[in-house]
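Here the structure comes first, spelled out in structure tokens, and everything after it is commentary.
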Amino acid sequence: MRHLIQPEDLSNQEFMDLIETASHILAHPELYKERAKGKILASLFFEPSTRTKFSFDAAMLRLGGEVIGFSDSQSTSSQKGESLADTIRIMSGFADIIAMRHPLEGASLLASKTSRVPVINGGDGGHQHPTQALTDLFTIYHYKKKLSGHKIALIGDLRYGRTVHSLIKTLARFKVDSFYLVSPEELSMPRHILDWMQANYPDIHIYVLHDMEPALRDCDILYMTRIQKERFFNEADYLKLKNSYLLDAEKMQLAKKDAILMHPLPRVNEISIDLDNDPRSVYFEQAAMGMYIRMALILKLLEECDD
């Protein structure tokens, strides 16, 4: 039985197979509307979510399956002291597959140890978010027709941003040219990830910057992130950093004509609404593509269980 806890759980070929399946679903959704008929997804979100939770729910429903679960752990027995392991044991008896988000790092791995059905990590603390990495790769491939050779800017909260942690380690596997890591010093990419990159992919150029302008000029893919208020211990530190990088139409004039602008969402004010109609802005399309790649993933894990 397979789980998806981190991007490393999938091979490069499996990534490409999922992208191919998602592309086919996007083009021919009518062929998939009953592929998961009779199956149940347990959607267990111990932390707030809009895109991830509802894209999982919509993915299962569009495949003809059913969804049970919660988006507020206050309504569950965890408030009575039930352990996560016991919750997973119970829910895996009700469902065929589990998608879970939890505020604690390692929670999804723990869940996979006690579950009788596949577990998909929908985000665990500031650690990993593998289905967002899948969404991002699918989006890049859809617009750029390849994953290799790109110059990629990751801008904003690189310390706590689990999306960029998963994305940098995944894209590195596909022979990108370079990463421009743009953040305040206090929110820089964790040292252990930089060390891992140097040890495993020494040929990839990494530029650590505090100024956004060089990245705007040079990069093919601009990946903005919000400064995450919920990861700060006090509001004063958040207020000091929250407006570190604000991208508007004037600044976007520096970017390449064929660049794409991505964001895992939600945005706060780091991307001005005057960019929403810029043809290079694909963040809303990116969110929609998350549903199709999750449809492909659900099918893959269910089919492997049936085999």
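At a glance:
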quantity	calculated
Exclusive hit being surrounded by fewer than 21 Cβ atoms within 10 Å (Cβ to Cβ), in contact with a His (Cβ under 8 Å, 6 or more places away or on another chain) and not β-branched (Val, Ile, Thr), set Asp195, Asp177	Asp177
Where Gly122 falls short, out of the listed (1) in contact (Cβ under 8 Å) with a residue 60 or more places away in the chain; (2) farther than 27 Å from Ala172 by Cβ	(2)
Residue in region 227-234 that is at pLDDT below 95, over 20 Å from Ile168 (Cβ atoms) and in a helix (DSSP H, G or I) present	yes
Region 31-52, subset assigned to a helix (DSSP H, G or I) and modelled with pLDDT of 95 or more, residue farthest from Ile298 (Cα to Cα)	Leu31
Filter result (farther than 18 Å from Ile227 by Cβ and under 22 Å from the mean Cα position of the chain (by Cα)) within region 257-272	Ala259, Ile260
Candidates Pro264, Pro279, filtered to the one that is at pLDDT 95 or above and outside the structural domain of Ser115 (by TED's automatic domain parsing)	Pro279
Arg62 under 21 Å from the mean Cα position of the chain (by Cα), more than 18 Å from Val119 (Cα to Cα) and modelled with pLDDT of 90 or more	yes
Qualifying helices (runs of 4 or more DSSP H) (wholly inside region 84-152; at least 3 residues being at pLDDT 95 or above and in contact with a Leu (Cβ under 8 Å, 6 or more places away or on another chain))	130-144
Residue selected from region 248-287 under the condition out of contact with any Leu (no Cβ under 7 Å at 6 or more places or on another chain) and free of Cβ contacts under 8 Å to residues at least 24 places away in the same chain, by the criterion nearest to Asp96 (Cα to Cα)	Phe284
Lone qualifier among Leu18, Leu44 - being buried (at least 21 other Cβ atoms within 10 Å of the Cβ), over 16 Å from Leu167 (Cβ atoms) and either in contact (Cβ under 8 Å) with a residue 12 or more places away in the chain or touching a Cys at 6+ places or on another chain (Cβ under 7 Å) (or both)	Leu44
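Conditions tested, residue by residue: (1) closer than 14 Å to Val119 by Cβ; (2) of a type in the set (A, V, I, L, M); (3) under 24 Å from the mean Cα position of the chain (by Cα).
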| site | (1), (2), (3) |
| --- | --- |
| Leu4 | yes, yes, yes |
| Leu18 | no, yes, yes |
| Ala22 | no, yes, yes |
| Gly38 | no, no, no |
| Thr52 | no, no, yes |
| Glu66 | no, no, yes |
| Leu84 | yes, yes, yes |
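The values are calculated or read from the model by the stated rules, or taken from the named source; none is laboratory data. What you see is a predicted model, and the numbers here were worked out from it, not measured in a lab. Virtual Cβ from ideal backbone geometry, glycine too; neighbours counted across all protein chains shown.
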